[in-house]
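**Q** I'd like to ask you about the structure that follows.
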Amino acid sequence: MSREIGEVILDLKNVSLAFGGVKALTDISFDVREHEIRAIIGPNGAGKSSMLNVINGVYRPQQGEIILRGKHFSKMNPYKAARAGISRTFQNIALFKGMNVIDNMMTGRNLKIRSNLIQQALWWGPARREELEHRAKVEEIIDFLEIQHIRKTPVGRLPYGLQKRVDLGRALAMEPSILLLDEPMAGMNVEEKQDMCRFVLDINDQFGTTIVLIEHDMAVVMDISDRVVVLDYGRKIGDGLPDEVRANPEVISAYLGASH
Amino acid sequence: MGFFIETLIGGLMAGMLYSLVALGFVLIYKASGVFNFAQGAMLLFAALAMARFSAWIPEWLGIDSLWLANVIAFFIAGALMYLVAWLIERLVLRPLVNQEGATLLMATLGIAYVLEGLGTSIFGTAIYKIDVGMPKEPVLILEGIFEGGLLINKEDFVAALIAAVLVALLTLFFQKTVTGRALRAVADDHQAAQSIGIPLNHIWVIVWFVAGVVALVAGVIWGSKLGVQFSLATVALRGLPVVILGGLTSIPGAIIGGLIIGVGEKLSEVYLGPMVGGGIEIWFAYQLALVFLLFRPQGLFGEKIIDRV
Amino acid sequence: MLYRENGQFKTSYAADQQIFPIAQDRWAILGILVFAFVGIPLLGDEYLFRAILIPFLILSLAALGVNILVGFCGQITLGAGAFMAVGAYAAYNFHIRIEGLPLLVSILLGGLTSALVGIVFGIPSLRVRGLYLAVATLAAQFFTDWVFLRIPWFTNNASSGSVSVSNLQIMGWEIATPFDKYMFCLVWLTISALLAKNMTRSAIGRQWMAIRDMDVAAEVIGIRPLFAKLSAFAVSSFFVGTAGALWGFIHLSVGAGRFLGRSFVPVAVHGHYRRPRLDHGQLLRRSLHRHAADRVEPVSAGDRRTVRGHDFDGRRVACRVDHLRLTDHFFPDQGAPRYRPPVVHRQGKTPALAISALSRAGEPVSLLLELLSQTHHYYFNKRRH
């Protein structure tokens, strides 16, 4: 592998999250190193998506803190997270259904827009120039994801697999340093999965993006991730290299339901 | 003290009447996911039918009894509301299955126009009376406890009673009957309800008919209070803050909301009004609802909206 | 769609991002503009300008504003009438209270005031959504209605709540004839439409649409809901406010009842616009307001009086004042005021509006329907004369 795994970039300490009486996450700590692919696995309802939601501030944990590049956040919010270079895709695709592929991806460039409302209304100077610059950048990502043929299609009309790809494209348009992927391969057939794996590896390889990935397909997870966290019922039951996790008896019992 | 309680009771009873109007909104929203802007028009239409038929029937049939004429007129008006419900389902809702809420809302605006136009062209545009023998004279009660007693409007009292009974019946209907359960399923998801064999079209006719009957009852009560004329349709505007205060999906919400709005409105008008020049009832109701919404955006009893991503 | 963009290849992003990337669209729009600027002035008569085309343009401008808020930002609002009234009264007050303020500046200031009020009334949208918000916006409607009726300062102590300005001119161009007024409104609308289109195809427009389609995802991408929603309220209220100002200055006088009262729902949902009713009765009412304004004494709530004035054809008519507001009940004035059922009652209004409401949301047919329903009235009114 050409890339080099660096220092810890994102560190979660003792995170607990509850909705009313329901404990979604209990005292979870793990870290993510720069440039690595970190997988979170676990059975349904283990709290994986909640974990991502905590990282980018959609949910506010009752306890614990998030340390991002040495900066402590007891409370993250989505906007801060986006500014700090965290972007994500969604389990149940959260694209803007009324907009076409280009516009969806252009929204990902939002934080980089400098022109103001008046300039935009007049389509004048900086506003016009920026539109063209960002369009060019978005087109690069469109090329990378091989979705040139659908660039002007409203995303609501696209098949599921392509929507997932556009979702990824929108996240990439933010040029994130950390990319959170929530089940990017769910519901895909073998070829689509292979494509998606290739994209994930390429993103990690070419752009050096750190990736936190939730996935159910064990084969995929074990193949592409550097380290794996295992959650079950909101608790961490395993953490380590794929092979270590595979051998962990607790993990085996959680997945197979076997008793010790 | 006596005056305060009098205002309070007046507010509670007015609130019951608002609840009755609000109930029409809630019923349709709960059972078909449509925010029915035509509720006011339905109320007007029903009241017009009732007023006119109760005047025509004695002429046509030569009945002398006002009571009998009213009963017959009520049933004819009810039948008309069934026809309206059937037509709405046939012409509006059926082509719009599974459309967005905003589209359906716009459709009901259209229905409102058609009903208003139809109602006034069939039944005329003059001011008509509905006389169902509601007691008009106010009474004084509890003279022993409060100085001068409490002045209670009997008409309001009877109206509030009718509203309460209707609400109880509807709650039973929704919670305890098979049809009620089917209605709730439809509100949740048109397609899913259809796929498990709930006859969507039939259900819609039922629910719009029930809403029509509620509109009829409300129309009779309000009509006998205010007279039946075009502006009766705006009574629905009094119901709107009630609906959002109580929550769009909750029948108890419509009741409690109605009472809160009724009381708030009357108290504000009496105690706050003179300071700012009066006439604040209607916007105060909306502001009051808005304040509640800021704390509970889904209304007091509405289903909580949870964002899942 | 009758045509497609097959064969029209673009070689630059600039060419691809123009307002109408398809040639046929460009020609069609150009054709419509030429017709509006050249064709209609050749064809139209005074009645057509005054009673139909000018309100049509002004209400289109209001619809543009509502479209931004409801159609693009997804915040359903029923309060547009309030912002029209705010814009109209604000522009009027700036105009009469600041000596020598140019008309153009007054209208713009009216729009800006409306934008500020829009932001205030938009604040609930940060908590409250969908239909709840729609009803909550009615609060704005009823509140402004009350304010303009109760606080005489806003109406410069005109007892009927009705105000008007005479002698309008812009840079030496005196806007006096209906034709001048039509041209002024047309230019204003064209520029506004261009600005609105530019915004919707820029970053701000994408922010609005993102909030509309999926607000959680929008936030995750780095769009601040606060800014996106309130800017939509501001921009929308600006357009609606300028429409109100135009209505007051150019079309006729300003009166709260004009925007509020019974016709309280000028709604455009996804581009569908339901304008306040403009029927014969309303025309009468307007003229009545102008002629009778100074003869109406303030009446207390619940009081009923009769007001007399002239309709457009110079006939004497009378109208009841009910709860501080002129009712729709008109009758020929023959001396003794007596009650008659309303003479005109929105005949023929229903079908076009029903179609407009029923047709699927999101299609840009509203303006056409608007025109149709206006034309319908034109002929209806002609026939009556």
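**Q** Exactly one of these conditions fails for C:GLY44: (1) among the small types (Gly, Ala, Ser); (2) modelled with pLDDT under 90; (3) within 28 Å of the chain's Cα centre (by Cα); (4) under 22 Å from A:GLN120 (Cα atoms). Give me its number.
**A** (4) is the only condition that C:GLY44 fails.
**Q** All but one of (1) closer than 21 Å to B:PHE230 by Cα; (2) within 21 Å of the chain's Cα centre (by Cα); (3) of a type in the set (Ser, Thr, Tyr) hold for B:SER54, so report the exception by its number.
**A** The one condition B:SER54 does not meet is (2).
**Q** Considering B:ALA192, B:ALA182, B:ALA187, which residue is of a type outside the set (Val, Ile, Thr) and touching a residue at least 60 places away in the same chain (Cβ under 8 Å)? Show your work before the answer.
**A** Numbers: B:ALA192 fails: touching a residue at least 60 places away in the same chain (Cβ under 8 Å); B:ALA182 fails: touching a residue at least 60 places away in the same chain (Cβ under 8 Å).
Only one candidate qualifies: B:ALA187.
**Q** What single numbered condition from (1) part of a helix (DSSP H, G or I); (2) under 23 Å from C:GLN207 (Cβ atoms) fails to hold for C:PHE49?
**A** (2)
**Q** Here's something else I'd like to know. Specify the residue that is surrounded by the fewest Cβ atoms within 10 Å (Cβ to Cβ); the eligible residues are those in the range C:123-139 that are facing chain B (nearest Cβ under 7 Å) and among the hydrophobic types (A, V, I, L, M, F, W, C).
**A** Across the range C:123-139, the extreme among qualifying residues is C:LEU131.
To keep it simple, each residue is scored yes or no on (1) more than 18 Å from B:LEU23 (Cβ to Cβ); (2) in a helix (DSSP H, G or I); (3) at pLDDT 80 or above.
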position: B:VAL242; (1), (2), (3): no, yes, yes
position: B:LEU248; (1), (2), (3): no, no, yes
position: B:ILE256; (1), (2), (3): no, yes, yes
position: B:GLU269; (1), (2), (3): yes, yes, yes
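**Q** Output the number of residues of the range A:49-70 satisfying the condition of being more than 14 Å from every other protein chain (Cβ to nearest Cβ) and surrounded by 21 or more Cβ atoms within 10 Å (Cβ to Cβ). So that I can check it myself, show each step before the final result.
**A** Residues of the range A:49-70 that are more than 14 Å from every other protein chain (Cβ to nearest Cβ), as a first pass: A:61-70.
With the extra rule that they be surrounded by 21 or more Cβ atoms within 10 Å (Cβ to Cβ), the set shrinks to A:61, A:66, A:68.
The number of residues fulfilling the criteria is 3.
**Q** Got at least one residue in the range A:24-44 being surrounded by fewer than 18 Cβ atoms within 10 Å (Cβ to Cβ) and out of contact with any strand residue (DSSP E or B) (no Cβ under 9 Å at 6 or more places or on another chain)?
**A** yes
**Q** When the residues of the range B:24-44 are filtered to those that are more than 13 Å from every other protein chain (Cβ to nearest Cβ) and modelled with pLDDT of 85 or more, which remaining residue is farthest from the chain's Cα centre (by Cα)?
**A** Filtering the range B:24-44 for residues that are more than 13 Å from every other protein chain (Cβ to nearest Cβ) and modelled with pLDDT of 85 or more, the one farthest from the chain's Cα centre (by Cα) comes out as B:MET42.
**Q** Filter the range A:202-220 for residues that are at pLDDT below 90 and assigned to a helix (DSSP H, G or I); which is nearest to the chain's Cα centre (by Cα)?
**A** A:VAL220
**Q** Which of the following residues is modelled with pLDDT of 95 or more, more than 11 Å from chain A (Cβ to nearest Cβ) and under 16 Å from the mean Cα position of the chain (by Cα): C:PHE259, C:PHE233? Talk me through it step by step, then tell me what you get.
**A** Details: C:PHE259 fails: modelled with pLDDT of 95 or more.
Answer to the check: C:PHE233.
**Q** Can you find, within the range C:176-215, the residue that is nearest to A:ASP103 (Cα to Cα) among those that are in a helix (DSSP H, G or I) and among the hydroxyl-bearing types (Ser, Thr, Tyr)?
**A** The extreme case among them is C:THR200.
**Q** Enumerate the pairs (first residue in the range C:4-15 and more than 9 Å from every other protein chain (Cβ to nearest Cβ); second residue anywhere and among the charged types (D, E, K, R) and in a helix (DSSP H, G or I)) with beta-carbon separation below 6 Å, excluding pairs fewer than 6 apart on the same chain, so at least 6 apart or on different chains.
**A** Every condition considered, the pairs that remain are C:LYS10/C:ASP16.
**Q** I've got another one for you. For the range A:40-59, does any single residue satisfy the condition of being modelled with pLDDT of 90 or more, among the charged types (D, E, K, R) and part of a strand (DSSP E or B)?
**A** Scanning the range A:40-59 turns up no residue that is modelled with pLDDT of 90 or more, among the charged types (D, E, K, R) and part of a strand (DSSP E or B).
**Q** In the range A:67-86, what residues are within 11 Å of A:LEU111 (Cβ to Cβ) and in a loop (DSSP other than H, G, I, E, B)?
**A** A:ALA84, A:GLY85 - these are the residues of the range A:67-86 that are within 11 Å of A:LEU111 (Cβ to Cβ) and in a loop (DSSP other than H, G, I, E, B).
**Q** Right, another one. Which one of these is assigned by TED's automatic domain parsing to the domain that holds C:ARG201 and touching a Phe, Trp or Tyr at 6+ places or on another chain (Cβ under 7 Å): C:LEU149, C:LEU108, C:LEU69, C:LEU116? Let's see the steps before the verdict.
**A** Working: C:LEU149 fails: touching a Phe, Trp or Tyr at 6+ places or on another chain (Cβ under 7 Å); C:LEU108 fails: touching a Phe, Trp or Tyr at 6+ places or on another chain (Cβ under 7 Å); C:LEU116 fails: touching a Phe, Trp or Tyr at 6+ places or on another chain (Cβ under 7 Å).
Every option except C:LEU69 fails the conditions.
**Q** Sticking with this one: How many residues are more than 9 Å from chain C (Cβ to nearest Cβ) and part of a helix (DSSP H, G or I) when one looks only at the range B:84-114? Even if it seems obvious, please write down each step before you answer.
**A** Looking only at the range B:84-114, we keep the residues that are more than 9 Å from chain C (Cβ to nearest Cβ), and these are B:84-90, B:93-94, B:97-98, B:104.
If we keep only those that are part of a helix (DSSP H, G or I) as well, we get B:84-90, B:93-94, B:104.
The qualifying residues number 10.
**Q** Confirm whether A:THR26 is facing chain C (nearest Cβ under 9 Å), touching a Lys or Arg at 6+ places or on another chain (Cβ under 6 Å) and either farther than 18 Å from A:THR209 by Cα or polar (S, T, N, Q) (or both). Give the derivation first.
**A** Working: facing chain C (nearest Cβ under 9 Å): no; touching a Lys or Arg at 6+ places or on another chain (Cβ under 6 Å): yes; either farther than 18 Å from A:THR209 by Cα or polar (S, T, N, Q) (or both): yes.
So A:THR26 fails the test.
**Q** Next up: Kindly provide the set of residues from the range C:6-28 that are hydroxyl-bearing (Ser, Thr, Tyr) and surrounded by fewer than 11 Cβ atoms within 10 Å (Cβ to Cβ), ordered by number. I'd like the intermediate steps shown before the answer.
**A** Here is the first cut: in the range C:6-28, the ones hydroxyl-bearing (Ser, Thr, Tyr) are C:11-13.
Residues satisfying the conditions are C:THR11, C:SER12.
**Q** OK, next. Kindly list, by first and then second residue, each pair from a residue in the range A:152-168 that is closer than 12 Å to A:ILE142 by Cβ to a residue that is of a type in the set (Ser, Thr, Tyr) and buried (at least 16 other Cβ atoms within 10 Å of the Cβ), limited to pairs with Cβ atoms under 6 Å and residues at least 6 apart or on different chains.
**A** A:LEU168/A:THR89
**Q** Also, I was wondering about something else. Across the range A:71-124, which residue is farthest from the other protein chains (Cβ to nearest Cβ) among those that are among the polar types (S, T, N, Q), touching a residue at least 40 places away in the same chain (Cβ under 8 Å) and surrounded by fewer than 24 Cβ atoms within 10 Å (Cβ to Cβ)? Steps first, answer last, please.
**A** Residues of the range A:71-124 among the polar types (S, T, N, Q): A:74, A:77, A:87, A:89, A:91-92, A:100, A:104, A:107, A:110, A:115-116, A:119-120.
Going one step further and asking which of them are touching a residue at least 40 places away in the same chain (Cβ under 8 Å), we end up with A:87, A:89, A:91, A:100, A:104, A:107.
Next, from what is left, pick out any that are surrounded by fewer than 24 Cβ atoms within 10 Å (Cβ to Cβ): A:91, A:100.
Numbers: A:GLN91: 7, A:ASN100: 10 Å.
Step by step, filter the range A:71-124, then rank; the result is A:ASN100.
The rows are residues; the columns are (1) at pLDDT 85 or above; (2) surrounded by 24 or more Cβ atoms within 10 Å (Cβ to Cβ); (3) outside any loop (DSSP other than H, G, I, E, B).
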| residue | (1), (2), (3) |
| --- | --- |
| C:ARG4 | no, no, no |
| C:LEU30 | yes, no, yes |
| C:PHE35 | yes, no, yes |
| C:VAL38 | yes, no, yes |
| C:THR77 | no, yes, no |
| C:GLY118 | yes, yes, yes |
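**Q** Here is a follow-up. Among the residues of the range A:193-200, is there at least one that is surrounded by 23 or more Cβ atoms within 10 Å (Cβ to Cβ), touching a helix residue (DSSP H, G or I) at 6+ places or on another chain (Cβ under 9 Å), of a type in the set (D, E, K, R) and in contact (Cβ under 8 Å) with a residue 24 or more places away in the chain?
**A** no
**Q** Taking the condition farther than 30 Å from A:ALA84 by Cα and either at pLDDT 90 or above or touching a Cys at 6+ places or on another chain (Cβ under 6 Å) (or both), does C:ALA228 pass?
**A** On the way: farther than 30 Å from A:ALA84 by Cα: no; either at pLDDT 90 or above or touching a Cys at 6+ places or on another chain (Cβ under 6 Å) (or both): yes.
No: the conditions fail for C:ALA228.
The values are calculated or read from the model by the stated rules, or taken from the named source; none is laboratory data. Not measured: the values here are computed from a predicted model. Methodologically, a virtual Cβ is constructed for each residue, glycine included, from the backbone with ideal geometry; neighbour enumeration extends over all protein chains shown.
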